[in-house]
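Okay, here's the structure, questions in a sec.
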Amino acid sequence: MNVTRFRAFARRPMLRRVIAAAVLLAGVWPALAPAAQAARAFVSNEDDGTVTVLDTQRQTALATLPVGKRPRGLALSHDGTRLYVALSGLPKCPPPMTDEDCARLPRDRQADGIAVIDTATLRPLSVVRGVSDPERIEVSRDDRTLYITEEDAARLAVLDVGPASVRATVAVGREPEGVRASADGRWVLVTSEEDNTLAIVDAHTLARLSSVSVGKRPRDVAISPDGRTAYVSGEGDASVYRLALPTGAPAARLLELRSEARPMGVALDAPRGRLYVSTGRGGSVAVISVADGKLVTEIAVGARPWGIALTAHGARLVTANGPSGDATVVDTESLRVIGKVATGRGPWGVVAEP
C-alpha cells in the first residue's frame, strides 16, 4: 500500500482508534513490563506493628503498612488478592523472662485479630475478631477457610472467610504454632511447642486424628505436594523430622543440625528436592536434600532468621531476620545471598506472592 492510499484508509474512524491504541501500547509497554515482572514478599514486623512490602527482584522496600499489635504469622490467598496478618495483644516475653513474669504483664485482648489487606491497593479492609492470641495462619486451597493457631488457648481456630466468623475450634497441643494444609485439602497439620507433637487434623470433619511425637519445640511444618510426607523443624534439639501422612508413622529424624542451630521456619522446594530451614540463633539457612536427608550447605543470612518463604517457581528465598531488622534474599540457583532489605523492627514472618 502506497502512502496516499494509507492516509485515505487511516481516515476511517475505527482504524484511527486502532492505530492510536497500537502507538499508545508501543510506548507504554516497556514501562509496564518491569512492574509486571516484580515479585513481592510481605514481612511482618512484630515490634512496631507493621508489614513491609518487598520487591524481591530489585531487593528494595516498596511500602510499610501499619496493621496492629504484634503482627506475626502471614498468609496470602491463593489468588493473591488478600493478605492475612495475625495480630496479638499478648505481651512479648522473650527469654530469659519466665512464664510467671510474663503473666503479670498487661494484655490487650481487643488487639487480637486477623488483619485483612488488599494486596492490589495495599489498603486494610478489616480486622476479624473472635480469635485468641493468633500466631500463624494457613489458607485453604479454595480461599474460603483460614486455619489459625491460638497459642494461649491450645487450639486451632477454623474461620470462614465469607462471613468472617469462627466456625469451629479444635483442641491441639499446648502452645500451637506452625500450621499447614495439604495441597489436596485433606489434612491440616499443627505443631505444638510445649508438647513436642504434631497434630494431624481431618480438614473435612475437623477431627484430630492423631498427635505424633517429633523434635523438641517444633516450630514449623512443610507438606509435600502429594500430601504424603511432612517435615517438621525442632528448635530445642536442632532436629528436622520426616513423617508419613495421614497416620504420622513412621516419624523419624531426618537430620540433626549443628548444636548452635535452632531450626525455625521450613520451606519445601519439591522440584529441586530441597528443604530450606532457618536456624534462628544459628544465623543461617540450612539446605537439606530430601532424597537422602543430607545437609547440602548452610547460607549465612543474618541475625536470628525466623520466617522463611520461596517466591514463585522457587527462584528466590526470603528470610526475616529479627534482631537486625532486615530481610535477606537468596538466589536458589547459586545458593548465594543477593541482597538485604531494611524492614521495620523485629521482622518475624514472611510470605511471597503466588
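The values are calculated or read from the model by the stated rules, or taken from the named source; none is laboratory data. Worth saying up front: this structure is predicted, and the values here are computed from it rather than measured. Note that each Cβ is placed from the backbone with ideal geometry, even for glycine, and that neighbours are counted across all protein chains shown. Protein only, heavy atoms only, side chains kept; ligands, DNA and RNA dropped before computing areas. Shrake-Rupley method; radii C 1.70, N 1.55, O 1.52, S 1.80 Å.
With only alpha-carbon atoms in the gyration tensor, what are the semi-axes of the equivalent ellipsoid for the stretch 253-307, in Å, largest first?
Equivalent-ellipsoid dimensions as semi-axes: 18, 12, 9 Å.
Give me the distance in nm between label points sitting 7 Å out from Cα along the Cα-to-Cβ direction at THR121 and ALA300, one decimal.
4.6 nm
Another question about this same structure. Grab the beta carbon distance between ALA270 and ARG345, set R0 = 45 Å, and tell me the FRET efficiency rounded to 0.05.
Result of the calculation: an efficiency of 0.85.
So what does log10 I(q)/I(0) come out to for the stretch 96-244 at q = 0.10, 0.17, 0.19 Å⁻¹, using the Debye formula with one equal point on every Cα and no solvent?
-0.36, -0.98, -1.16
Carbon and sulfur together cover what percent of the accessible area of the stretch 159-259 at a 1.4 Å probe radius?
On the way: 1930 of 4110 Å².
Answer for the stretch 159-259: carbon and sulfur cover 47 percent of the accessible area.
For LYS340, which aspartates and glutamates qualify as cross-link partners when the Cα separation must be under 14 Å and same-chain residues fewer than eight apart are set aside?
List returned: ASP55, ASP326, ASP331.
Okay, next question. Mind checking the full-extension length gain between ILE338 and SER259? Use 0.36 nm per residue of separation minus the Cα-Cα distance, one decimal, nm.
Taking 0.36 nm per residue and subtracting the Cα distance, the gain is 25.7 nm.
Turning to a different aspect of this structure: To the nearest whole percent, what portion of all C-alpha pairs in the stretch 93-175 is separated by more than 17 angstrom? Each step should come with its number before you reach the end.
Numbers: 1861 of 3403 pairs.
The share of Cα pairs beyond 17 Å in the stretch 93-175 comes to 55 percent.
Order these peptides, 201-211, 147-157, 265-275, by their mean beta-carbon neighbour count within 10 angstrom, highest first.
147-157, 265-275, 201-211
Give the label of the value calculated from the structure for semi-axes √(5λ) of the Cα gyration tensor in Å, choosing from [x] 40, 24, 21; [y] 36, 22, 19; [z] 29, 24, 20.
So the calculated entry is the one marked [x].
Starting from the Cα-Cα distance between SER165 and ALA291, subtract it from 0.36 nm times their residue separation and give me the gain in nm to one decimal. Let's see the in-between values first.
Values: separation 126, 0.36 × 126 = 45.36 nm, distance 4.14 nm.
Here the answer is 41.2 nm.
Related question: As a test of understanding, state the convex hull volume per residue of the stretch 179-249 from its alpha carbons, in Å³.
Output value, Cα hull per residue: 65 Å³.
When only Cα pairs under 8 Å and 6 or more residues apart are kept, what is the percent relative contact order across the chain?
Taking the mean separation of contacting Cα pairs over the length of the chain, I get 12 percent.
When only the heavy atoms of the protein chains count and the probe is 1.4 Å, how do MET264, MET97 rank by accessible area, highest first?
Sorted by accessible area, descending: MET97, MET264.
Once the piece of chain linking THR205 and ARG281 is laid out straight, how much longer is it, given 0.36 nm per residue of separation minus the C-alpha distance between them?
Length gained, THR205 through ARG281: 23.5 nm.
Between ASP101 and GLU353, with labels modelled 7 Å along Cα→Cβ, what's the label distance in nm to one decimal, could you check?
In this crude label model, ASP101 to GLU353 measures out at 4.3 nm.
Moving on to the next point. So if the hydrodynamic radius of the stretch 228-353 is defined as the Kirkwood radius over C-alpha pairs, what does Stokes-Einstein give as its diffusion coefficient at 10 °C and 1.306 mPa s, in µm² per second?
110 µm²/s
Calculate, for the chain, the solvent-accessible area per residue in square angstrom, rolling a 1.4 angstrom probe over the heavy atoms of the protein chains.
Here the per-residue accessible area is 46 Å².
Among 231-239, 219-227, 123-131, how do they line up from the highest to the lowest mean number of other beta-carbon atoms within 10 Å?
Listed from highest to lowest mean packing, they are 231-239, 219-227, 123-131.
P(r) for the stretch 290-332: what percent of alpha-carbon pairs falls in each 5 Å bin, starting at zero?
5, 21, 25, 23, 18, 6, 2
What is the stretch 139-196 by shape, rounded, prolate or oblate, if you read a ≥ b ≥ c off the alpha carbon gyration tensor as root eigenvalues and call it rounded for a/c under 1.5, prolate for a/b larger than b/c, and oblate otherwise?
On the way: a/c = 2.86, a/b = 1.46, b/c = 1.96.
Oblate, because a/c is 1.5 or more while a/b does not exceed b/c.
Of ASN196, ASN321, ASN45, which has the largest mean-square fluctuation in a 10 Å C-alpha GNM of the chain?
Result for the chain, Cα springs under 10 Å: ASN196 fluctuates most.
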